[in-house]
Amino acid sequence: MKQLIQSFKTGELGLFDVPAPVCGPNGALVQTSASLVSAGTEKMLVDFAKKPILAKAKDRPDLVKQVFDKMKKEGMLNTLEKVFTKLDTPIPLGYSLAGRVVEVGDKLTGVNVGDRVACGGAGYANHAQINYIPKNLMVKIPDGVGDLDASFVTVGAIAMQGVRQAQPRLGDKVAVMGLGLLGQLTVQLLKANGCKVIGSDIDPDKMELAKKMGCDVVCHAGELIDKAADFSSGYGVDSVIISASTASNQPIVDAGDIARMRAKVVVVGMVGMDIPRNVYYKKELELKLSMAYGPGRYDPEYEEKGIDYPYDLVRYTEQRNFESFLGLIEEGKVRPKELLTHTFAFDDAMRAYDLLEGRVQEKYLGIALEYKEAIDHREHSAIRRSDKAVPSSGVNVGLIGAGNFTKSVILPNMFKAGGFEPVGLCTATGVSAEATGKKHDFKYITTQADEIFSNDEVNSVFITTRHNDHADFVLQAIAHRKHCFVEKPLCIREDELEQIAKAYSGERVLQVGFNRRFSPMIQKMKTSLHGPVAITYRVNAGVIPKDVWIQDSEIGGGRIIGEVCHFIDTCSYLAGSEVVSVYASVVSKQDQSIPDEDNVNIVLNYANGSTATIGYYAYGDGAMPKEYIEVFGSGISMQMDNFRELKIYKNSKLTKQKSGNQDKGFQGEFTAFKKAVTSGENAIGFESIYNTTKTTFKILESIKTHNVVKIAE
């Protein structure tokens, strides 16, 4: 199928062949019939992507600071590699469409194949022939509403949320600053609400259009203060909705001047936000920002999992704003199609962006794309990129998952290790598959994992998806007799671990991404040790907000399962033994913005008499290096500081080893995997992988019971 994609790095924009998305359980696949080009938002994205790297950096000084901080901790080369990988990430354009349902997820009710639906959401309602839409980001289109009108649903919801924030009453006098697409819809919504409206802009054509759409008074932005005084009989307007887009602070200043005492000023557009305190203070003005489409936006529980807010407590969510907007179109109170200045066939989509970028000198406002060609999504699950011959020997890779970590760490280090042949790439979205497949010369790209497991050319499956998929994909790799590398953790539930242990025979290689044991500094420490040891491993982990997927017990498993497993494996490797018991306690605190489990002290006891203490802390200061290890053995003491410096004290002498760049063992783990595939012997014994994974579950048990917990055989 075809999708409109832009390179964030180069600004290249075009229609690309990508595999159709997979239908998730909480949503539906929608064949697009019309999508709206948001002239303001998409022009901003396109313009930003086309800027040189230095200009991008100038626009985002906050990110530049993060880059320099990362360089200090991880080294320049590692950091730059991650930055350029991030810049390579493609941008899917579009966020508002109308279409017809072609497949329904297992858990979705109330929507059937063949239903016409209006859909919203950046990253979901893309300019593409087929899109996967979660249930809370789509609504059925009333029979009396056409697809072009319905394609305005997201922009309409943005305008509606701005109006809701203003809380206008019947007869209120409201000013709308900026009469672009959002402003025009805002005017119509206010008129439907029984308000008197004054609108301002700098474009005479937009002012004329607003007048046609029912605006009571229109004026040039420079005349707004005087006109608003006449319009409000000198009292000031009851509320101001700013839908303009400008870096200037003038709209905020003017809004304060034209508002009455205790009025509301609502910011919907992107404008300067330097608030003039004097006028806002003296008038007791209420400044409100409108959050996109409405409540639910940016909440993964609502948008991804489909968990709705209670109707009586949150009357208008983003989905219910969609419904309200379509209802007003059906009643004839809002007429979006009359705002269209251009309509293009989807195959000619680049003409729309010629307008946005000024290559065609025509005035525009509403721009829509129409999709004439219907396709069968089942025939577009895989795209063959080349016919290259795949050698029968070697490590022929089928990769499942291509997130930021995979693109910035896994793939670069895999190819540095050498001997890996990229064959098949499976990702959740066609956008990611197309860009990563092209960059690394994968033979084919797909969104269906079965295309990886069933392919005879693939002998090694790499799993780098979200954690909740790991166990299922590992079991499939075992069933299909493929070698398997799975990024940590192996799984997120104890029953999954037992299923894997029962299924795994050792016939093929199974390796978990416990990379630190392959770090040169850790291996140097290992070769210096014999007999029982005492290990202290301190991790300044940093905060991961509670709404990030790794913190979700059903998706990421939490940080103990998802990350602490790394440090357990490193300790076990240095100890040369397996954990037999564990005791863990957390820092209990009032502030629950960070889960208590993210600040944990863990004591591990080993079969050979070794001990390890892991201190894992999220609430420290990020300026401190992340990882620090001390090891004490027979006649030897060692300190390793963040994989940048190693000190070994032996025979009253100090030996130092420094590195300008962090080496956490990523390249080493892939060299080890390649050797394991050739030799048939695992680089990390399955018993060790099992023991480490089991220990993470027992840590959680110890936290809950406040007891020492034994690791069962």
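Remarks
- Condition met for residue 364 (among the aromatic types (Phe, Trp, Tyr), touching a helix residue (DSSP H, G or I) at 6+ places or on another chain (Cβ under 7 Å) and in a loop (DSSP other than H, G, I, E, B)): yes
- Residue in segment 630-638 that is acidic (Asp, Glu) and assigned to a strand (DSSP E or B) present: yes
- Checking each residue in segment 479-497 for being surrounded by 20 or more Cβ atoms within 10 Å (Cβ to Cβ) and farther than 15 Å from residue 557 by Cα picks out 482, 483, 484, 485, 486.
- Count of segment 391-407 residues which are surrounded by 17 or more Cβ atoms within 10 Å (Cβ to Cβ) and under 17 Å from residue 514 (Cα atoms): 1
- Residues in segment 654-690 that are of a type outside the set (A, V, I, L, M), out of contact with any helix residue (DSSP H, G or I) (no Cβ under 7 Å at 6 or more places or on another chain) and surrounded by 18 or more Cβ atoms within 10 Å (Cβ to Cβ): 673, 686.
- Count of segment 614-629 residues, restricted to those that are surrounded by fewer than 16 Cβ atoms within 10 Å (Cβ to Cβ) and either touching a Leu at 6+ places or on another chain (Cβ under 6 Å) or not in a loop (DSSP other than H, G, I, E, B) (or both), is 0.
- Among (1) under 33 Å from the mean Cα position of the chain (by Cα); (2) assigned to a loop (DSSP other than H, G, I, E, B); (3) of a type outside the set (A, V, I, L, M, F, W, C) - the single one residue 609 does not satisfy: (1)
- Any chance residue 264 is crowded, with 20+ Cβ neighbours inside 10 Å, among the basic types (Lys, Arg) and part of a strand (DSSP E or B): yes
- Candidates in segment 368-397 are the residues that are of a type outside the set (Asp, Glu) and touching a Ser or Thr at 6+ places or on another chain (Cβ under 7 Å); of these, the one that is modelled with the lowest pLDDT is 381.
- Taken over segment 649-688, the criterion of being among the small types (Gly, Ala, Ser), out of contact with any Pro (no Cβ under 9 Å at 6 or more places or on another chain), in contact (Cβ under 8 Å) with a residue 40 or more places away in the chain and closer than 17 Å to residue 569 by Cα is satisfied by 672, 683, 688.
- The residues of segment 522-567 that are over 30 Å from residue 472 (Cβ atoms) and among the polar types (S, T, N, Q), listed by number, are 523, 527, 528, 536, 540.
- Index of the failed condition, residue 593 passing every other in (1) within 16 Å of residue 541 (Cβ to Cβ); (2) in contact with a strand residue (DSSP E or B) (Cβ under 7 Å, 6 or more places away or on another chain); (3) of a type in the set (Gly, Ala, Ser): (2)
- When 584, 612 are checked against the criterion of being in contact (Cβ under 8 Å) with a residue 60 or more places away in the chain, in the same structural domain as residue 534 (by TED's automatic domain parsing), closer than 19 Å to residue 523 by Cβ and aliphatic (A, V, I, L, M), a single residue qualifies: 612.
- Candidate set: segment 311-338, residues that are in a helix (DSSP H, G or I) and either without any contact (Cβ under 8 Å) to a residue 40 or more places away in the chain or farther than 19 Å from residue 119 by Cα (or both); chosen: the one nearest to the chain's Cα centre (by Cα): 320
- Among residues of segment 465-485 that are touching a residue at least 12 places away in the same chain (Cβ under 8 Å), those with a Cβ under 6 angstrom from a residue that is hydroxyl-bearing (Ser, Thr, Tyr), sequence gap 6+ or separate chain, pair up as 478/504; 483/460.
The values are calculated or read from the model by the stated rules, or taken from the named source; none is laboratory data. Note that the structure is a prediction, hence the values are computed from the model and not measured. Cβ coordinates were reconstructed from backbone atoms using ideal geometry, including for glycine residues, and neighbour counts include every protein chain displayed.
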